[in-house]
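Here the structure comes first, spelled out in structure tokens, and everything after it is commentary.
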2 protein chains.
Amino acid sequence: QHSDRKLEILQWIMTFAIGFLTGMVALYIDLIVKLLSDWKFGTVDKSILQCSKDGCLVISLLYLLLFNVAFVIVAACLTIYEPVAGGSGIPEIKCYLNGIKIPRIARLQTLVAKSVGVLFSVAGGLFVGKEGPMIHSGAIIGSGLPQLQSITLKKINSKYSYFRTDRDKRDFVSGGAAAGVAAAFGAPIGGVLFSLEEGSSFWNQKLTWRTFFCSMAATFSLNFFLSGIDSNSWGYFYLPGLIDFGTFECQSEKTTGCHLWSAVDLFIFVIMGFIGGCLGAIFNTLNKSLSLHRMINVNPKHKIFRLLEAILVAMVTTTIAFVSAMTLGQCRKIPLKPSIINSTRSSVELTVRDYFCEDGYYNDMATLFFNPQEIAIKQLFHQAGTFSMPSLAIFFILFFFLACWTYGVSVPSGLFVPSLLCGAAYGRFVALFLEQVFGYKTVYSGTYALVGAAAFLGGVVRMTISLTVILIESTNEISYGLPIMLVLMVAKWSGDLFNEGLYDIHINLKSVPLLEWDPPTEAARMKAKAIMDSRLKVVFPQTRVASLIRLLKTTAHNVFPVVTAARDDCSAVTLVGPSQEADLQEQDDVECFVNQNNSNQDGDGNPIELLQRNLPMKFEGMILRSQLVTLLKNHAWYKENVEEPPRDTVSYEEFITDYPRYPDIYDLQIPTLDGEALVDVGAYLNPCPYTVYPETTVSQVFHLFRGMGLRHLPVVCHKGELKGIITRHNLTHEFLEEKIHEQNQEH
Amino acid sequence: QHSDRKLEILQWIMTFAIGFLTGMVALYIDLIVKLLSDWKFGTVDKSILQCSKDGCLVISLLYLLLFNVAFVIVAACLTIYEPVAGGSGIPEIKCYLNGIKIPRIARLQTLVAKSVGVLFSVAGGLFVGKEGPMIHSGAIIGSGLPQLQSITLKKINSKYSYFRTDRDKRDFVSGGAAAGVAAAFGAPIGGVLFSLEEGSSFWNQKLTWRTFFCSMAATFSLNFFLSGIDSNSWGYFYLPGLIDFGTFECQSEKTTGCHLWSAVDLFIFVIMGFIGGCLGAIFNTLNKSLSLHRMINVNPKHKIFRLLEAILVAMVTTTIAFVSAMTLGQCRKIPLKPSIINSTRSSVELTVRDYFCEDGYYNDMATLFFNPQEIAIKQLFHQAGTFSMPSLAIFFILFFFLACWTYGVSVPSGLFVPSLLCGAAYGRFVALFLEQVFGYKTVYSGTYALVGAAAFLGGVVRMTISLTVILIESTNEISYGLPIMLVLMVAKWSGDLFNEGLYDIHINLKSVPLLEWDPPTEAARMKAKAIMDSRLKVVFPQTRVASLIRLLKTTAHNVFPVVTAARDDCSAVTLVGPSQEADLQEQDDVECFVNQNNSNQDGDGNPIELLQRNLPMKFEGMILRSQLVTLLKNHAWYKENVEEPPRDTVSYEEFITDYPRYPDIYDLQIPTLDGEALVDVGAYLNPCPYTVYPETTVSQVFHLFRGMGLRHLPVVCHKGELKGIITRHNLTHEFLEEKIHEQNQEH
């Protein structure tokens, strides 16, 4: 009772610490990226201003290339050193929360590589975002901090071993991921829904509340320091977060009625959503082919090729941005400062770029290309001045292809912000198009840019609930709920006609057995026995050390069913171990148990023979590979001639010492003379896992498996005999669809 | 495949319709309440203005009394006619979503009584809210609309019978409840989280998305009509919802730094949360005693007493409000109109009441008492002018006790808005106190009022996640996230030291077996066999009609396990029915099955005798009472002398015709001569429900039961024998704590 209380308090403290640290990591990424960008743009700005007069713009381009290539080399080297740090990290988190272990994904080393690498990939002018890596960083903090130990730094190793179960760890990781979203977008509710959408199976109120707390801690600790550093107003929590879409206000001087959107606009939004979904699908298809190409042709070669690709991308991106801004950008008049002081508006006025233009004019293309992406998005959302339609179209096309090429290059690279920027250009283009071609006058271009951004992002990633909420929270405008939701719905629907979301594509490319939310509709009526694996590797309650070692060495299974032979003369064999109270009415069966024990000895304690002889096996429970390895490591066996077998000698603490990386069976030093000794697993097995019948429908199996977060599910018939086992692999859509195909061919 | 698609489209259409209708009901309630209130206050206003001069204020009071009593009589009569319509309805929805059927809760009749009654209870000046009833209305619409039939109006009865399962119905109800919250508070995300928090067990992405869509549909259809009717700007979606907390803006003319709250305030908020929790606990304790008293002394008596109580409450409330406004209110100067046009501010200026005061002055107490509660809340949030500390204190105390008395009187009565108003007065009082007593100058009183409102509401209802989000959405200010969350957390924690939330108290008073989120920590390590019910009522695959009728007449169980006798000479008895493919290796057992059939006949087909003889029972599956009744109703039996028993004669459509109200066994006309005939339930039973072992821990049982949304869970041992059954009653905290108590006494 008392220790439960203590554990709960510790849990809350940990949750706060995870949120706080995630906020700090996000803050550090943001500040350093700003610093690096300012340094770069400062130098290049000066050079351009001077060279515009002197005609030495090639030198400015060289400066820019030098900066960007140098930055990208740093990012690429870090990623090549720790490959898991590449990409956005969201596919990996999705897999982790789904219950799949990906090696090295949650190490301190990965955190360092990712959070340093992302600084340089973003500052290096690549079309990548820093939000995905922030979310990944949050997840790593969530996974590592409560363990109070580190694999990378062996010295960090406390003797306190709390929260060392997969479930605890996963709970903290979902908190960390939520905190990452919260910090990156200033969207605590969106963060919670993100981790629910990607990871949860069982709706757990306490966990959700803790995740929410973690998100809030991240948002507001970030906010506290941000307001302190940026506006020197410590303790006032001014700034709304790292991504600030600004305040959407309709310009009442322009249109008669002042409104953000109207019922008529909704129809246009639906069409925009449809097109956005299609554009997203094209993006995904292109990126998939490119990734396949990379997997086959680039990755197997020497590491230097990956570095060279990153450098190539950096150089092409820089050159295209520079040249197109110089030659294709249009000079537009800077609009007069509006009379009402509005912080969003004025900050937008200050960030236009006047490269290659006269005084009082700005270059629209340069404004988009030579600003950090967040500022470019804000320009598209709020710039009262106009962008020209050709500039927007060219920008969209260039950005689209370059971003598509970049995602997958071995640098840490988020996808959210580039997609938003690309989509905002598309939306703004539509607004201009409607205004100039159709003379549709009541357009508020900011809303169109936002809707375009949502449509394209939705088309690429195909998230729905969490994305809607994240965008609502980032705009801090609840009345955008309906348009954003409609657009995301339509974009997901139209995109799904062609292919999957980009994260899912990358997960599939890695052939990870991800579990979807529901089984395929055709499979729902199949039976468990049609999909279970009946080639079983089982152990007996008493097994010889030698055969146990042989079993562990020859199979990679993580769990083994424990069975006894259900012989006709003794059909009521039950296991009576110390972990199980002897049931009064089952006392008679103890004799059978002893017989059983002898029968094992006859068969050399090798359960495989039982299978070969095709005898029915009574299901007794499940034992984990890690438990067997720990038992062997602790020499928990006994000789047959000893009177009383030494039971229950391995304590719970000894079982979790090695969590989460248990020793390999080949690394264990086991004296060969002990091969004939017996190991009694009866005291350690789990006698009552969830089970299903062979005739249970796949739909029921699926929901049990997903809802209870299982890794393996024994199939036991009405008679209590083990018939097979269902693992994650038997429930993937790929496997189920194959089974349906087989069944249809049979008929 | 094709019909799945059609069903899904129909589901979405239904979801939209539910959202739309819920929005319309909310709109109608809001408009009519406004109309009635305007009528009442218009008449009374005129009279007060005149009588302040002439000194005939008693007549004004009589006018007010007349209106209020008349209105309350209407509300009370409707509630007495349909008692389920009383109260807020949220406890009932909570029960429904938890899986408990409460009679009459989801009828059209209840909807009418509730939605008409609430108009009059709110307009009648009682301290009740209209939000709870709106949520209840949404839930009724969600439950009734997809059925396309009505019990109340027999004529509404379509031949389309979709969605007639408990799961489908519950999904729609959670959508409707979410829509109700969304419409009432303009909080679509909060609505989704409300229905997740109260009802969900399994996190289902598709369902959540549909619920979200339903919320959005409600919010924006309400908004569409509201903007059209109120501002005559159809199609522009201006107004933020029914409850509008206005825009929180700090008055930069007053303090140097302009901020809503700072880090220092957070500490004060924590203390306010603690006190709010305690105040809420007192409120709950008082209301609980009062409700108990009512249950014992008022409800069993004639209906007229309930009507009289309602009238008494109305009269006392009216008189106290009038007299205290007249004698205790202070006249304060109306502040000058601020220069910047701000719609929130100006609407606040317009709703002050100048009763009993000179020109240019207003009566602070009258402003709070003689306005609809939403406007009074806005006054407390945004009124730049001051309320005096004594006025606030008196208002809080009077309102606290009157609201406590009112909740439970038989009128439709919400709890949200009264609690918010009460709490806002408390918060505003604290702000004044800090400013005047401690000289703490940087107080923004609006924030304090909001925090106070959150603290008190949190202390009363103890919701956390959804309430936080609802309040954030209603204020449309994301930066209030942290203070609101902190305050709700602390308030819940401090309130939980004393008692439960008010909704839970009322649920407990009705002794409904609600399932919590987790089992009590001490019970988690108990075994299933310790809590299961082993006094079983079972049926055989073939049972005589007579004994089936006897069983149905003597027990109220909703489900019966189907068993066969596991005799030693034939331990492998299995059931081979048409619903189950004959397994190849089990073909040998068919003979046993026939034996089994004969053995039933020996024992008069009465399985009770099996139990009495204490024979082991092999578990074959589960059959519902409704299925047995339908079988009997359709005369699905056969005579023994007929060669081939007529199997599978009752189709799925026939099973759902009577959903959800199946005929009573006493209403069935069964020819007595058929008593000896046999019913074959083998084809209809569910052969593969989820089961657990007797040694499974209660924690596992609980999560399976809650997560999979079960109503009953057979306990089957490793040998395949039925040992007992676990129902909702065996998993309530009350039952589990009793079992723990028993166990402790034994040791």
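Open to solvent by less than 60 Å² (accessible area, probe 1.4 Å), of a type in the set (A, V, I, L, M) and either in a helix (DSSP H, G or I) or on the phi > 0 side of the Ramachandran plot (or both): is that true of residue B:31 in this structure? Spelling it out, residue B:31 is indeed open to solvent by less than 60 Å² (accessible area, probe 1.4 Å), of a type in the set (A, V, I, L, M) and either in a helix (DSSP H, G or I) or on the phi > 0 side of the Ramachandran plot (or both). Being facing chain A (nearest Cβ under 9 Å) and farther than 30 Å from residue B:637 by Cβ is true of residue B:694.
Residue B:198 meets each of the listed conditions (1) within 7 Å of another protein chain (Cβ to nearest Cβ); (2) under 30 Å from residue B:704 (Cα atoms) apart from (1). Given the structure, is residue B:245 more than 7 Å from chain A (Cβ to nearest Cβ) and surrounded by fewer than 21 Cβ atoms within 10 Å (Cβ to Cβ)? It is false that residue B:245 is more than 7 Å from chain A (Cβ to nearest Cβ) and surrounded by fewer than 21 Cβ atoms within 10 Å (Cβ to Cβ).
A quick yes/no check of all residues on (1) within 11 Å of chain B (Cβ to nearest Cβ); (2) part of a helix (DSSP H, G or I); (3) closer than 22 Å to residue A:89 by Cβ; (4) modelled with pLDDT of 90 or more:
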| site | (1), (2), (3), (4) |
| --- | --- |
| A:175 | no, yes, yes, yes |
| A:183 | no, yes, yes, yes |
| A:192 | yes, yes, yes, yes |
| A:208 | yes, yes, no, no |
| A:216 | yes, yes, no, yes |
| A:224 | yes, yes, no, no |
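If I filter region B:717-732 for residues that are aliphatic (A, V, I, L, M) and over 29 Å from residue A:718 (Cβ atoms), do I get at least one hit? No, there is no match, as no residue in region B:717-732 is aliphatic (A, V, I, L, M) and over 29 Å from residue A:718 (Cβ atoms). Any residue at all in region B:657-678 that is within 14 Å of chain A (Cβ to nearest Cβ) and either at pLDDT below 75 or surrounded by fewer than 16 Cβ atoms within 10 Å (Cβ to Cβ) (or both)? The answer is no, given that none of the residues of region B:657-678 is within 14 Å of chain A (Cβ to nearest Cβ) and either at pLDDT below 75 or surrounded by fewer than 16 Cβ atoms within 10 Å (Cβ to Cβ) (or both). Test residue B:512 against the criterion of being buried (at least 16 other Cβ atoms within 10 Å of the Cβ), within 20 Å of residue B:292 (Cα to Cα) and more than 14 Å from chain A (Cβ to nearest Cβ), and give yes or no. Taking the combined requirement at face value, the residue satisfies it. When B:474, B:479 are checked against the criterion of being more than 25 Å from residue B:364 (Cβ to Cβ) and within 14 Å of chain A (Cβ to nearest Cβ), a single residue qualifies: B:479. The residues of region B:79-90 that are open to solvent by less than 60 Å² (accessible area, probe 1.4 Å), in contact (Cβ under 8 Å) with a residue 40 or more places away in the chain, part of a helix (DSSP H, G or I) and out of contact with any strand residue (DSSP E or B) (no Cβ under 6 Å at 6 or more places or on another chain), listed by number, are B:79, B:80, B:90. The residues of region B:41-57 that are open to solvent by less than 30 Å² (accessible area, probe 1.4 Å) and β-branched (Val, Ile, Thr), listed by number, are B:44, B:48. Within the set A:717, A:688, the sole residue that is within 11 Å of chain B (Cβ to nearest Cβ) and touching a Lys or Arg at 6+ places or on another chain (Cβ under 6 Å) turns out to be A:717. Looking only at residues of region A:369-382 that are touching a residue at least 40 places away in the same chain (Cβ under 8 Å) and open to solvent by less than 10 Å² (accessible area, probe 1.4 Å), we find that the one that is farthest from residue A:448 (Cα to Cα) is A:370. Has region B:517-525 got at least one residue that is in contact with a strand residue (DSSP E or B) (Cβ under 7 Å, 6 or more places away or on another chain) and more than 10 Å from chain A (Cβ to nearest Cβ)? Scanning region B:517-525 turns up at least one residue that is in contact with a strand residue (DSSP E or B) (Cβ under 7 Å, 6 or more places away or on another chain) and more than 10 Å from chain A (Cβ to nearest Cβ).
Could you check region B:706-732 and list, in sequence order, the residues that are among the small types (Gly, Ala, Ser) and open to solvent by 20 Å² or more (accessible area, probe 1.4 Å)?
Selection gives B:709 alone.
Hey, among the residues in region B:720-734 that are under 24 Å from the mean Cα position of the chain (by Cα) and within 20 Å of residue B:693 (Cα to Cα), which one's farthest from the other protein chains (Cβ to nearest Cβ)? Only one residue fits best here, namely B:729.
Taken over region B:555-569, the criterion of being assigned to a strand (DSSP E or B) and within 30 Å of residue B:669 (Cβ to Cβ) is satisfied by B:559, B:560, B:561, B:562, B:563. Taking region B:58-78 as the range and being under 25 Å from residue B:103 (Cβ atoms) and buried (at least 22 other Cβ atoms within 10 Å of the Cβ) as the test, the residues that pass are B:75, B:76, B:78.
Of the numbered criteria (1) open to solvent by 10 Å² or more (accessible area, probe 1.4 Å); (2) touching a helix residue (DSSP H, G or I) at 6+ places or on another chain (Cβ under 7 Å); (3) within 20 Å of residue A:187 (Cα to Cα), the one residue A:430 fails is (3). Looking across region A:97-128, the residues that are surrounded by fewer than 24 Cβ atoms within 10 Å (Cβ to Cβ) and closer than 21 Å to residue A:463 by Cα come down to A:97, A:98, A:99, A:100. The condition (being in contact with a strand residue (DSSP E or B) (Cβ under 9 Å, 6 or more places away or on another chain) and basic (Lys, Arg)) is satisfied by just one residue among A:94, A:53, A:130: A:130. For region B:688-705, does any single residue satisfy the condition of being of a type in the set (A, V, I, L, M, F, W, C), open to solvent by less than 30 Å² (accessible area, probe 1.4 Å) and modelled with pLDDT under 85? No - not one qualifying residue is present in region B:688-705. Looking at region B:482-494, is at least one residue without any contact (Cβ under 8 Å) to a residue 40 or more places away in the chain, at the interface with chain A (Cβ under 10 Å from one of its Cβ atoms), open to solvent by less than 10 Å² (accessible area, probe 1.4 Å) and in a helix (DSSP H, G or I)? Looking through region B:482-494, at least one residue is without any contact (Cβ under 8 Å) to a residue 40 or more places away in the chain, at the interface with chain A (Cβ under 10 Å from one of its Cβ atoms), open to solvent by less than 10 Å² (accessible area, probe 1.4 Å) and in a helix (DSSP H, G or I).
The values are calculated or read from the model by the stated rules, or taken from the named source; none is laboratory data. In this text, all values refer to a predicted model and were calculated from it rather than measured experimentally. Here Cβ is always computed from backbone atoms with ideal geometry, including for glycine, and neighbour counts include all displayed protein chains. The accessibility values were calculated without ligands, DNA or RNA, using every heavy atom of the protein model including side chains. Shrake-Rupley method; radii C 1.70, N 1.55, O 1.52, S 1.80 Å.
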